[in-house]
Amino acid sequence: MAFAYHDDRLFVEDVPLADIAARFGTPCYVYSRATLERNWRAYDDAFGSRRHRVCYAVKANGNLALLNILARLGSGFDIVSRGELARCLAAGADPQHIVFSGVGKGAAEIRYALEVGIGCLNVESGAELARIESLAADCGRRAPVSLRVNPDVDPQTHPYISTGLHENKFGIPMAAAAQLYEQAARSPHLAVRGIACHIGSQLTSLVPFVDAIGRVMELVHALAGRGIRLQRIDVGGGLGITYRDEAPPAIAEYVRAVSDAVGRDYELVTEPGRSIVANAGLLLTTVEYLKATPVKNFAIVDAAMTELIRPALYQAWHDVLPVERTDSAEVRRYELVGPVCETGDFLANGRDLALAEGSRLALMDAGAYGFAMASNYNARPRPPEVLVDGKFVHLVRAREVLEDLWAGECTLPA
Ligand code: LLP
């Protein structure tokens, strides 16, 4: 285990978290290289010799060092913006192994993707297909495309992160897809690669994945009957992790299920984000004040919804572990809240902890959608990111300084 107690001190790999807090201050994100690599390899190894590509979803955590580690393992990437594409290239990714998802790709984003030789654009509407075709014609390239279809499957996850229902904004309705494929297949500016779907995030059952792929494969076979033969099936991301008591399937089980559902005649692409990076990271924080009111005990910490918005936004649970276990304070039930001026600014509710001013805590499983969703609200500089590799500690993103907060702003002339 990369995160474990030794003599009541919480370690990341071979490094005590207390040392990291002392050196870099808090709040601070800390990642384990071994965990990141283990998770990615769990996918890649489970696919074995079948044609496949694991395209890590950059939105979960786009830190350059993490992307570079994954690129060195041979990972592809799933991106949703020009910024994520630029990050991947800066991290040494091969553009041929990048897929570009998202409902609202701008013309400049599509042009950039074509210019760098993107592996595939996952198209989400007829209008987008037409735009890609005309931009490809303009720049004299043949755009590689897959259509992202909406299989209308309930992923049974939080409504904000479910994407494969017909009422969601994502994907092309199954009924409209065949006609668009015929149009794309006729175009000299488009190269039809395959089909894609992504039904949601933090799924803890295989059933919706298998249902969705079943529907997608029906379409694939129908298209083959019309002479349109797809090469690759992109099954999206979405495998959940255990934050509290969820029991998602293991990565290898997921891979077996999707692989069987797709069959061996196609290249299989996955776009996992959370299941690769969530449990490879934590957010380190320090208690500023303990504040008892007649009804609640608040532990006011130096991290907030600005560092980790998931509890405020999705009522998400993150385990809270003391960096140093002690019996010098009494265990009380605490509300862990940040300094931001909003009642919604909480990190954890009703946790039994032994705390004092200055106690350090780790919010676990925060590697995915943690830093990536951090903001500067309340003019709070974003925290540093530290990557632990065995006994080595690397600062992979410095804490923002105050001047960063107004970089690019100016006052009016006198
Ligand atoms: N592919 C596509 C097209 C996606 O939209 C997503 C996530 C992924 C892959 C990666 O899914 P994952 O394997 O990470 O579940 N901020 C939310 C999660 C939003 C997910 C959005 N799409 C959270 O903190 O729970």
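We did not get these values from a lab; they are worked out from the coordinates using the rules stated. Every value quoted in this text rests on a predicted model; they were computed, and no experiment measured them. All Cβ positions, glycine included, derive from the backbone under ideal geometry; neighbour counts span all protein chains shown.
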**OP:** Calculate, axis by axis, the spread of Cα positions in the range 253-292 along the three principal axes, and write the results as whole Å, longest axis first.
**Re:** 61, 17, 10
Original post:
Using alpha-carbon pairs under 8 Å, 6+ residues apart, how would you state the relative contact order of the range 33-274 in percent?
Top reply: 20
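Which semi-axis lengths, in whole Å and largest first, follow from the square roots of five times the eigenvalues of the Cα gyration tensor of the range 256-414?
Details: eigenvalues 199, 127, 56 Å².
Equivalent ellipsoid of the range 256-414: 32, 25, 17 Å, largest first.
Fully extended, how many nm does the chain gain between R38 and R23 (0.36 nm per residue separation, minus their Cα-Cα distance)?
Details: separation 15, 0.36 × 15 = 5.40 nm, distance 2.69 nm.
Between R38 and R23, full extension yields an extra 2.7 nm.
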Original post:
Given a Förster distance of 22 angstrom, what is the FRET efficiency for Y289 paired with R9, based on the Cβ-Cβ distance and rounded to 0.05?
Top reply: 0.35
Subject >> Helical mean residue ellipticity (222 nm; -39500 (n - 2.57) per DSSP H run of 4+; nearest 500) of the chain >> reply: -8500 deg cm²/dmol
Original post:
What are the aspartates and glutamates whose alpha-carbon lies under 17 Å from the alpha-carbon of K169, with same-chain residues fewer than 8 places away excluded?
Top reply: E124, E128, D152, D154
Original post:
So which residue, out of C120, C28, C139, gets the largest mean-square fluctuation from a GNM of the chain using Cα contacts under 10 Å as springs?
Top reply: C139
Original post:
By its C-alpha gyration tensor, with a ≥ b ≥ c as the square roots of the eigenvalues, how is the range 82-214 shaped: rounded for a/c under 1.5, else prolate for a/b larger than b/c, else oblate?
Top reply: oblate
Subject >> Virtual spin-label span in nm between S49 and L412, 7 Å along Cα→Cβ >> reply: 7.2
Original post:
Among G126, A108, A86, which residue has its Cα positioned farthest towards the positive end of the charge dipole of the range 81-140, with +1 placed on the Cβ of Lys and Arg, -1 on the Cβ of Asp and Glu, and the dipole taken about the Cα centre?
Top reply: A86
**OP:** Compute the relative contact order of the chain as a whole-number percentage, counting only Cα pairs closer than 8 Å that sit 6 or more residues apart in sequence.
**Re:** 19
**OP:** Would you mind telling me which residue in A113, A280, A379 has the biggest mean-square fluctuation in a Gaussian network model of the chain, where springs connect alpha carbons within a distance under 10 angstrom?
**Re:** A379
Subject >> Separation in nanometres of the label points that stand 7 Å from Cα toward Cβ, at N68 and H158 >> reply: 3.1
**OP:** Work through the residues other than V295 whose Cβ is under 15 Å from its Cβ and net out their charges, Lys, Arg +1 and Asp, Glu -1.
**Re:** +3
Subject >> Alpha-carbon centroids, the range 88-145 and the range 283-334: separation in whole Å >> reply: 43
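Scan the chain and hand back the longest stretch that contains none of the GluC sites (Glu not before Pro) lying in DSSP loops with at most 15 other Cβ atoms within 10 Å. Could the numbers behind the result be given before it?
Numbers: sites that count: E167, E246, E330, E342, E357, E409.
Formally, the longest exposed-site-free interval is 1-166.
Which whole-number percentage describes the relative contact order of the range 311-396, with Cα contacts under 8 Å and a sequence gap of 6 or more? Let's see the in-between values first.
Details: 103 pairs, mean separation 23.7, N = 86.
With pairs under 8 Å counted, the relative contact order is 28 percent.
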**OP:** For the range 313-414, build the charge dipole from Cβ charges (+1 Lys, Arg; -1 Asp, Glu) around the Cα centre, then report which of T343, N376, A354 sits farthest towards its positive end.
**Re:** A354
Original post:
How much of the DSSP beta bridge set in the chain is antiparallel, as a percent to the nearest 5?
Top reply: 50
Original post:
Amide H neighbours of D234 under 5 Å, counting only residues 5+ apart in sequence or on other chains, H built in-plane at 1.01 Å?
Top reply: I195, A196, C197, V269
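Using 0.36 nm times the number of residues separating A86 and D404, minus their current alpha carbon distance, what extension gain do you get? Walk me through the numbers before you get to the answer.
Values: separation 318, 0.36 × 318 = 114.48 nm, distance 2.05 nm.
Taking 0.36 nm per residue and subtracting the Cα distance, the gain is 112.4 nm.
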Original post:
Reported to two decimal places, what Rg/Rh ratio describes the chain when computed on Cα atoms with Rh from the Kirkwood expression?
Top reply: 1.01
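Assuming a ≥ b ≥ c are the square roots of the Cα gyration tensor eigenvalues, decide whether the range 24-110 counts as rounded (a/c under 1.5), prolate (otherwise, with a/b larger than b/c) or oblate. Working shown, then result.
On the way: a/c = 2.09, a/b = 1.07, b/c = 1.95.
Judged from the Cα gyration tensor, the range 24-110 comes out oblate (a/c at least 1.5, b/c at or above a/b).
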Original post:
Given the options A257, A93, A71, which has the most mean-square fluctuation in a GNM of the chain, springs set between C-alpha atoms less than 10 angstrom apart?
Top reply: A257
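How large is the Rg to Rh ratio of the range 33-274 when both quantities use alpha carbon positions and Rh follows Kirkwood? Before the final figure, lay out each step's value.
Values: Rg = 16.8 Å, Rh = 17.8 Å.
Taking Rh as the inverse mean 1/r over Cα pairs, Rg/Rh reads 0.94.
What net charge is computed for the residues neighbouring G106, neighbours being all others with C-beta under 15 Å from the C-beta of G106, Lys and Arg scored +1, Asp and Glu -1? Before the final figure, lay out the partial values.
Numbers: positive: R82, K105, R111, R131; negative: E84, E109, E115, E124, E128, D138.
Local net charge: -2.
Which value, in debye to the nearest 20, describes the size of the charge dipole of the chain about its Cα centre when Lys and Arg Cβ atoms bear +1, Asp and Glu Cβ atoms bear -1, and nothing else is charged? Don't skip to the end; give the middle numbers.
Numbers: 42 positive and 50 negative charges, 219 e Å.
For this selection, approximately 1060 debye.
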Subject >> Of the trypsin sites (Lys or Arg not before Pro) in the range 157-258, those whose Cβ has at most 10 other Cβ within 10 Å and which sit in DSSP loop >> reply: K169, R244
Subject >> Cleavage-rule hits (trypsin sites (Lys or Arg not before Pro)) in the range 344-414: DSSP loop, at most 14 neighbouring Cβ within 10 angstrom >> reply: K391
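Please compute the net charge surrounding E37, taking Lys and Arg as +1 and Asp and Glu as -1 over other residues with Cβ under 12 Å from its Cβ. Mind dumping the intermediate values first?
Details: positive: R33, R38, R41, R72; negative: E13, D44, D45, D389.
It works out to a net charge of 0.
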